[in-house]
Amino acid sequence: MQLTWFGHAAFGLVPDKGPRIITDPYTPEGVGYAPITDPADLVLISSDDDDAHCRADLIAGNPEVVNALQVAQSGGTTTAQGVEITAIEAAEWDHHPEHAVPGQNGMYRFTLDGLRFAHMGDVGNPLTDAQQAFFEGTDVLFALAGGYLTLELPDLMEMIHRTRPKLVIPMHFRTLTYRPRNTMWIESFLSHFKDEDVDFAFGATHDLSRDALPGRTRVLVMDYVR
């Protein structure tokens, strides 16, 4: 499978078998990252009211769209394009500066090419016990690694230590392109790991396979599409 990080919380997954998936596509002008030009068969969004996470209308290929919040509020499981998606409700930080009330969204999981993926959506509060348990058994975790505007790093690390995903891929952190005040650079997240447990893709794409998963939790830092 080929994995691409477009930036922010948007990833593209092109499996050996199965649908092409894009997660949480953004409005380019809003976050500063390049327009997503790759097509998809399936787009997964964490909500339908946040332009940094929900712009499925900008994705080519006439994809099917699944809103994780709606899935979480309607029993927690659905199937689209042959892929089972499970979701749990989450909320943005209580004092998010752009919202009068916490924005509800969904964190979601799916399996593709035998790899169990989990995406943290746009959660901004410490995770409940049920929300932490939702990530148990994860192979690849797309982790909110910038602190401010999402959950704080100690709260994220508590979940990672409990659930022990095989591979953690950071997202939603400060970059030269995306620079909200007080959002952290990647070094703050990486300081919670030993140097020998951190890898760098040195590019926006990376090949993933179940056979290549590490035996213990490792971090893979990707570059974004330029």
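Could you tell me the relative contact order of the chain? Use alpha-carbon pairs under 8 Å, at least six residues apart, and round to a whole percent.
For the chain, the relative contact order is 18 percent.
For the chain, with every protein chain kept in place, what is the accessible area per residue (1.4 Å probe, Å²)? Please list the in-between numbers first.
Numbers: 9950 Å² over 226 residues.
That works out to 44 Å² for each residue.
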Checklist entry - Taking Rh as the Kirkwood radius, which is the inverse of the mean 1/r over Cα pairs, what is the Rg/Rh value for the stretch 67-196? => result 0.96
Checklist entry - Can you pull the Kirkwood radius for the chain, inverse mean 1/r over Cα pairs, to one decimal in Å? => result 17.2 Å
Next on the checklist: Give me the mean projected area, in nm² to one decimal, of the convex hull enclosing the Cα positions of the stretch 155-214.
Outcome noted: 5.2 nm²
Checklist entry - So what is the calculated 222 nm ellipticity per residue for the chain, using -39500 (n - 2.57) for each DSSP H run with n of 4 or more, over all residues, to the nearest 500 deg cm²/dmol? => result -3000 deg cm²/dmol
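Of the heavy-atom accessible surface of the chain (probe 1.4 angstrom), what whole percent is carbon and sulfur? Before the final figure, lay out each step's value.
Numbers: 4680 of 9950 Å².
Whole-percent figure for carbon plus sulfur exposure: 47.
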Item to check | Farthest positive-ward along the chain dipole, Cα basis, beta-carbon charges - from Tyr33, Met157, Ala130 | outcome: Met157
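The values are calculated or read from the model by the stated rules, or taken from the named source; none is laboratory data. Keep in mind that this is a model prediction, so the values were computed, not measured. Quick reminder, even Gly has a Cβ in these numbers, built from the backbone with ideal geometry, and neighbours come from all protein chains shown. With ligands, DNA and RNA removed, areas are computed over all heavy atoms of the protein, side chains included. Shrake-Rupley method; radii C 1.70, N 1.55, O 1.52, S 1.80 Å.
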